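The values are calculated or read from the model by the stated rules, or taken from the named source; none is laboratory data. Source: prediction; values computed, not measured. Every residue, glycine among them, receives a Cβ derived from its backbone with ideal geometry; neighbour counts consider all protein chains shown. We work out accessible area using only protein heavy atoms, side chains counted, and drop any ligands, DNA or RNA first. Shrake-Rupley method; radii C 1.70, N 1.55, O 1.52, S 1.80 Å.
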Amino acid sequence: MSKLILLIGTNGQLGKELQQSLSTYANVISVARPTVDLAQPDTVCNLIREKQPQIIINAAAYTAVDKAESEPELAKAINTIAPQILAQEAKKQQAFLIHISTDYVFDGNSCRPYQETDKTNPLSIYGQTKLAGEEAIRETYTHHLILRTAWVYGTFGKSNFVKTMLRLGREREEIRVVADQIGSPTWARDIAETITKLIPLLNSEIAGTYHYTNSGVASWYDFAVAIFEEAQELGFPLKVQRIVPITTSEYPTPARRPAYSVLACAKITETLGNHAPHWRQRLRKMLKELVVS
């Protein structure tokens, strides 16, 4: 008999991908707001106690990075307090908890990819609340797997970098994009499929913190150029003629972002026995799916 999996956060771009990749498992309960609201702990506790899952996957988070600067309490409720409650309830049920975290726990001052064990130093409310959520899980329950990822975009949802660029590319001839922030663009489907591959391996030895992104690095400017090159080849209707590289200081935002967000993924590569595909290859595949849909 397969284990019962509770997937929280199925409205998001990663949650929707997880719903699909977990479809090979017979016993999956998928929930999102308003059924479960991480800002309302009782809804979480009641569901876990009622369903008694063996595996809990938390794909929900407060991810509005700039808005979090003016809504710190809500960000804390969802990103810090809720993960602690999930860990407490998972411990009571002896369930394994999988939790998604972020590159924003680092300050971006490194000149080499961040290891799981590197010192954290978040620059924003979002990063601080996500790190506090990680720490709360670690302090509460050993049977957890925290998966940090970065620069996530997806086929689902409206508010990701790829879809924003495609929209702007239809509307404008010139687009200005930050060129001094470096990371690894990562397709939500690859994160979902990686989590699905980890599920049969879950045990006390595999517990801990892991990094996962697509391979390769780029600036946001590089990413935007690639999006338009690939989209043009696929026949997307585009008006854009020029993509202009700018500095972070030329595009001020309420939240500070790490300048260097590359995560070292050797640990998960060794665990699963395969390397993550390159970001450009996966971008092409995602755009082809958008054409079909």
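How big is the antiparallel share of DSSP beta bridges in the chain, given as a percent to the nearest 5?
Counting only bridges with both partners in the chain, antiparallel ones make up about 5 percent.
Would you tally the net charge around residue 229, using a Cβ to Cβ cut-off of less than 12 Å, leaving residue 229 out, and scoring K and R as +1, D and E as -1?
-1
Going by average Cβ density within 10 Å per residue, which order do the peptides 249-259, 82-92, 153-163 take, highest to lowest?
Ranked from most to least packed, the peptides come out as 82-92, 153-163, 249-259.
Provide the gained length on full extension for the span residue 142 to residue 50, in nm with one decimal, where the gain is 0.36 nm per separating residue minus the Cα-Cα distance.
That works out to 30.9 nm of additional length.
So for each of 274-287, 119-132 I average, over its residues, the number of other beta carbons within 10 Å; can you give me the resulting order with the highest mean first? Mind dumping the intermediate values first?
On the way: 274-287: 17.4, 119-132: 21.0.
Output ranking for 274-287, 119-132: 119-132, 274-287.
Counting only C-alpha contacts under 8 Å and six or more residues apart, can you give the relative contact order of the chain as a whole percent?
So the answer I get is 21 percent.
Excluding ligands, DNA and RNA, what is the solvent-accessible area per residue of the chain at a probe of 1.4 Å, expressed in Å²?
Normalised by residue count, the accessible surface of the chain is 46 Å².
When the gyration tensor of segment 1-76 is built from Cα positions, what are the square roots of 5 times its three eigenvalues, in whole Å, from largest to smallest?
Numbers: eigenvalues 125, 47, 12 Å².
Result for segment 1-76: semi-axes of 25, 15, 8 Å.
Give me the one-decimal nm value for the distance between modelled label points at residue 253 and residue 239, 7 Å along each residue's Cα-to-Cβ direction.
Between residue 253 and residue 239, the simple spin-label model gives 2.4 nm.
Could you work out the helix-only [θ] at 222 nm for the chain, with each DSSP H run of four or more residues adding -39,500 (n - 2.57) and the total divided by the number of residues, to the nearest 500 deg cm²/dmol? Write down the numbers at each step before the final one.
Details: 10 runs with 110 residues, N = 293.
Value at 222 nm, helices only: -11500 deg cm²/dmol.
Find how much the distance from residue 291 to residue 111 grows on full extension, using 0.36 nm per residue of separation minus their present alpha carbon separation; answer in nm with one decimal.
So the chain would gain 61.1 nm between residue 291 and residue 111.
Cβ under 13 Å from residue 36's Cβ, residue 36 left aside: what net charge do those residues give with Lys, Arg +1 and Asp, Glu -1?
Summing Lys and Arg as +1 and Asp and Glu as -1 gives -1.
Assign one of three labels to segment 47-132, namely rounded, prolate or oblate, based on the Cα gyration tensor with a ≥ b ≥ c the square roots of its eigenvalues; rounded applies when a/c is under 1.5, prolate when it is not and a/b is larger than b/c, and oblate otherwise.
Oblate is the answer for segment 47-132, as a/c is 1.5 or above yet b/c matches or exceeds a/b.
With each pseudo-label sitting 7 Å past Cα toward Cβ, what's the residue 171-residue 270 distance in nm, one decimal?
Distance between the two pseudo-spin positions: 4.7 nm.
Want the number for residue 35 to residue 118: 0.36 nm per residue separation, take away the alpha-carbon distance, what's left?
So the chain would gain 26.2 nm between residue 35 and residue 118.
What number comes out for the charge environment of residue 9, summing +1 per Lys or Arg and -1 per Asp or Glu over other residues with Cβ under 10 Å away? Kindly include the intermediate steps, with their values, before the conclusion.
On the way: positive: 16, 33; negative: none.
With Lys, Arg at +1 and Asp, Glu at -1, the net is +2.
In percent, what relative contact order does segment 88-238 have, based on Cα pairs under 8 Å that are 6 or more apart in sequence?
Working: 188 pairs, mean separation 40.6, N = 151.
That works out to 27 percent.
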